[in-house]
Amino acid sequence: MSVSAHLTELKKKHETLGLEVEEAQRSPGIDDLHIAQLKKQKLKLKEEIERLSA
């Protein structure tokens, strides 16, 4: 897999996680720990995207 294809996949996953976080924050039944885990995953993806883009 080329770097650009990998970056594209990471960006898609990052966007999907962003939508999941937004949806979880709107749902009253979702606990804060789950939201924090989603945000942590999203941040790791962002850091990886930045690392590969540099």
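Whole number in Å², please: accessible area per residue of the chain, 1.4 Å probe, ligands, DNA and RNA not counted.
Values: 4290 Å² over 54 residues.
Roughly 79 Å² per residue, with all protein chains present.
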- For helix 3-26, what angle does its Cα long axis make with the longest principal axis of the chain, in degrees from 0 to 90 and rounded to 10? 10
- Item | From the coordinates shown, Cα Rg over 2.2 N^0.38 Å corresponds to which of (1) 1.50; (2) 1.28; (3) 1.68 | (2)
- Note on the structure: Label model pair GLU23, LYS40: point-to-point distance (7 angstrom along the Cα→beta-carbon line) in nm is 2.2
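Using a 1.4 Å probe over the heavy atoms of the protein chains, calculate the carbon and sulfur portion of the accessible area of the chain as a whole percent.
Numbers: 2290 of 4290 Å².
Carbon and sulfur atoms account for 53 percent of the accessible area of the chain.
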- Message: Which residues among the range 1-16 fall inside the zone where the amide N is under 18 Å from a point 7 Å beyond the Cα of GLU50, along Cα→Cβ?
- Response: 7-8, 10-15
- Query: Once phi is turned into θ = phi - 60°, what whole-Hz ³J(HN,Hα) does the Karplus curve with 6.51, -1.76 and 1.60 give for every residue of the range 36-45, x standing for Gly and Pro?
  - Reply: 4, 5, 4, 5, 5, 4, 4, 5, 4, 5
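The values are calculated or read from the model by the stated rules, or taken from the named source; none is laboratory data. On a predicted model such as this, the values are computed, not experimentally measured, just so you know. Ideal geometry is used to build each Cβ from the backbone, glycine not excepted, and the neighbour counts take in all protein chains shown. All accessible areas refer to the heavy atoms of the entire protein, side chains included, with ligands and DNA or RNA removed. Shrake-Rupley method; radii C 1.70, N 1.55, O 1.52, S 1.80 Å.
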